[in-house]
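Each remark here refers to the structure printed beneath this line.
The values are calculated or read from the model by the stated rules, or taken from the named source; none is laboratory data. Just so it is clear, the model here is predicted, and its values are computed rather than measured. Quick reminder, even Gly has a Cβ in these numbers, built from the backbone with ideal geometry, and neighbours come from all protein chains shown. Surface areas here come from the heavy atoms of the whole protein model, side chains and all, with no ligands, DNA or RNA. Shrake-Rupley method; radii C 1.70, N 1.55, O 1.52, S 1.80 Å.
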Amino acid sequence: MSSSENTTKFPKTFWREIDFPSYPKLTEDFSVDVAIVGAGITGVTAAYLLSKEGLKVALIEAGSVLNGTTGHTTAKLTAQHGLIYDELINHFGKEKARLYFDSQMDAIHFVERMVKDNGIDCDFSKEDAYMYAVTDEYSEKLQTEWEAYKSLGIDGALKDSIPFNIQTTAALMMSNQAQYHPLKFLKALLEEAVKAGCMVYENTTAEDIEDDYSEPKVVTKDGQRVSCKHVIVASHFPFYDKPGLYFARMYADRSYAIGLKTDKEYPGGMYISADSPTRSIRYTPYNGEKLLIIGGENHKTGQGVDTLKHYEALEAFAEEVFGIKEYEYRWSAQDLVTLDKLPYIGEITSGREHILVATGYKKWGMTTGILAGHLLTNYVMQRGNPYQELYSPSRFQADPDLSNALTTNADVAKHLLKGKLEIVEKVTDDLQDGEGAVVMYKGKRAGAYKDKNGKLYIVDTTCTHLGCECEWNHAEKSWDCPCHGSRFSYAGDVIEGPARKPLDLLEKG
């Protein structure tokens with residue numbers, strides 16, 4: 001199959017190729033001990049742990065369970081999160097840098113124990129993780145990171161090469177990491193949570209929280225209210241953002257992945273480049289063979305080149321290094337990055353112990369989501385946790401938080417103005433079937449998409465969050481906001497927050 005045929009298909013993630021039970025839509029008011037909003041890795045882990053504690057739990061999901069970022073990952077279970085440990089030591093000190101490592105390893109050990117003790121078939125395997133450099137500049141950075149590993153007691157090694165046809169200048173290995181099929185694992189956890197009494201509701205959009213500081217109520221789009229003692233906001237971007245202003249404390253980043261069979265035998269291990277553009281490499285069992293998963297090509301949501309180019313770049317890399325036998329899957333994911341690169345896990349703001357949040361995983365949700373489920377469970381159960389202070393959303397470090405806040409919000413202002421001042425020359429008659437673009441419509445900027453049958457969808461591109469102008473995402477057929485990462489379908493429906501309301505649909509037909 002040709003490159004153009006592959007990259008013009010709608011995205012399809014390998015991880016969703018398993019059967020899931022369906023769950024009902026919420027249709028009535030009720031009360032629970034804990035209401036969890038978001039059925040991704042954090043929500044499902046917390047639901048499992050809290051249900052096992054004997055609490056009455058409701059898990060609410062706007063779409064289908066495990067179909068958000070959790071279902072669009074590369075699924076590495078690793079504490080090797082890029083060039084981070086030297087930076088953590090410099091900004092937070094050795095003790096907190098080691099706590100970060102320990103917390104991520106705790107997550108890996110939890111998955112390993114659950115797999116072993118419960119016989120969960122999820123393709124779990126122990127693998128070493130490698131970060132490699134292809135330039136002298138990043139070779140030096142890996143050397144510095146290796147010194148940080150040694151000072152923190154992290155088991156690893158600095159090597160010269162990796163077993164691929166990639167001219168590396170250095171490779172930093174972290175021992176005893178792992179990989180798995182995340183949805184097979186989490187499906188098993190969710191089934192156990194339901195057996196323990198957890199109630200699961202799909203196609204139920206949480207829109208607000210009524211908070212009286214004693215018994216908060218989750219309010220759905222259709223007006224139902226779920227009263228509870230604690231709310232866990234695990235909706236990727238916090239759907240309830242009034243007190244925390246999280247949209248100003250994070251930015252959204254997109255990345256891409258392809259799944260393919262190759263001509264060469266894969267030697268094992270997990271790999272990621274230190275240089276840009278990012279290249280992530282791993283395999284997963286697939287019908288008795290190995291499916292190679294190549295990821296990378298990250299950029300801020302709604303910004304950068306035609307998104308289809310990112311898939312094409314990954315395909316070209318895979319062909320050059322491995323040789324492509326069959327191109328099977330492609331998908332993308334959106335991740336949130338905090339100002340200091342550490343996730344926000346805990347009370348949504350200081351003193352609001354009844355509303356808990358987990359967000360900002362910086363592409364490393366497979367371990368951080370598991371960690372968050374445990375940490376939030378400890379908050380609910382009023383148990384201490386050594387990682388609580390490190391991940392507290394109320395923390396503030398002047399360096400790098402302040403400078404990053406200024407940079408991030410200056411970027412928002414730039415794109416807000418750019419969208420408003422843009423000169424648009426296209427009109428709807430210029431569109432081919434299957435094409436979308438910003439157009440002039442009745443004298444104003446609008447977004448148009450013409451489907452393969454010639455049906456036209458025209459939306460107001462003004463993001464319903466804070467008024468930035470959305471841009472067309474060719475690869476995903478969506479409207480993406482360059483300011484805070486909201487995403488909408490070509491018909492205007494919300495795909496991803498912080499926006500809660502759809503784009504205005506101006507014309508359909």
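One Cα centroid belongs to the stretch 122-158, the other to the stretch 321-388; the line between them spans 22 Å. Ordering 148-155, 473-480 by mean Cβ neighbour count within 10 Å, with the highest value first, yields 473-480, 148-155.
Placing unit charges on the Cβ atoms only, positive for Lys and Arg and negative for Asp and Glu, gives the chain a dipole magnitude near 520 debye about its Cα centre.
Once C-alpha pairs closer than 8 Å and six or more residues apart are averaged by separation and normalised to the residue number of the chain, the relative contact order reads 17 percent. Let me see the P(r) profile for the stretch 191-318: every Cα-Cα distance counted, bins of 5 Å, each bin given as a percent of all pairs. It works out to 2, 8, 13, 13, 11, 10, 12, 12, 11, 6, 2, 0, 0, in whole percents.
Could you tell me whether the stretch 13-55 comes out rounded, prolate or oblate from its Cα gyration tensor? Rule is a ≥ b ≥ c as square roots of the eigenvalues, rounded for a/c under 1.5, then prolate if a/b exceeds b/c, otherwise oblate. Cα axes put the stretch 13-55 in the oblate bin. In the chain, helical runs assigned H by DSSP with n ≥ 4 each contribute -39500 (n - 2.57); averaged across all residues and rounded to the nearest 500, the mean residue ellipticity at 222 nm is -9000 deg cm²/dmol. The Cys residues in the chain with no partner Cys Cβ within less than 4.7 Å of their Cβ are 122, 198, 228, 470.
Shape of the stretch 261-337 from its Cα gyration tensor (a ≥ b ≥ c, root eigenvalues): rounded if a/c is under 1.5, otherwise prolate when a/b > b/c, or oblate?
On the way: a/c = 1.90, a/b = 1.73, b/c = 1.10.
Judged from the Cα gyration tensor, the stretch 261-337 comes out prolate (a/c at least 1.5, a/b above b/c).
Charges at C-beta only: +1 for Lys and Arg, -1 for Asp and Glu. How large is the resulting dipole of the stretch 93-138 about its Cα centre, in Debye rounded to 20? The partial results should precede the final answer.
On the way: 6 positive and 11 negative charges, 55 e Å.
Here the stretch 93-138 has a charge dipole of around 260 debye.
Using only alpha carbons, the stretch 457-509 has a radius of gyration to Kirkwood radius ratio (Rg to Rh) of 0.92. For residue 177, the residues 5 or more places off, or on other chains, whose built amide H falls under 5 Å of its own are 127, 128, 129. Think of the chain as a dipole: +1 on every Lys or Arg Cβ, -1 on every Asp or Glu Cβ, centred on the Cα centre; then among 470, 262, 377, 377 lies furthest on the positive end. Please go through the residue pairs 217/242; 444/508; 76/229; 116/184 and name each one whose alpha carbons sit more than 23 Å apart in this structure. Going by Cα-Cα distance, 76/229 fall outside the 23 Å limit.
Size descriptors for the chain: radius of gyration and Dmax over Cα atoms are 22.4, 64 Å.
Across the stretch 324-336, rounded Karplus estimates of 3J(HN,Hα) from the backbone phi angles (6.51 cos²θ - 1.76 cosθ + 1.60, θ = phi - 60°) give 8, 8, 9, 9, 9, 9, 8, 7, 9, 9, 10, 10, 10 Hz, Gly and Pro being marked x. Residue order by solvent-accessible surface for 493, 121 is 121, 493, largest first, with ligands and nucleic acids left out and a 1.4 Å probe.
Geometric descriptor of the stretch 38-138, per residue, is 170 Å³ (volume of the convex hull of the Cα atoms). Average 1/r across all pairs of distinct alpha carbons in the stretch 95-236, invert it, and you get the Kirkwood radius: 19.3 Å.
For residue 204, nonlocal amide neighbours, meaning residues 5 or more places apart or on other chains whose placed amide H falls under 5 Å from its own, are 61, 62, 63.
Under a 5 Å amide H cut-off, with hydrogens placed 1.01 Å from N, residue 170 pairs with 133 among residues at least 5 apart or on other chains. With the simple spin-label model, which puts each label point 7 Å out from Cα in the Cβ direction, the residue 195 to residue 493 separation comes to 3.4 nm.
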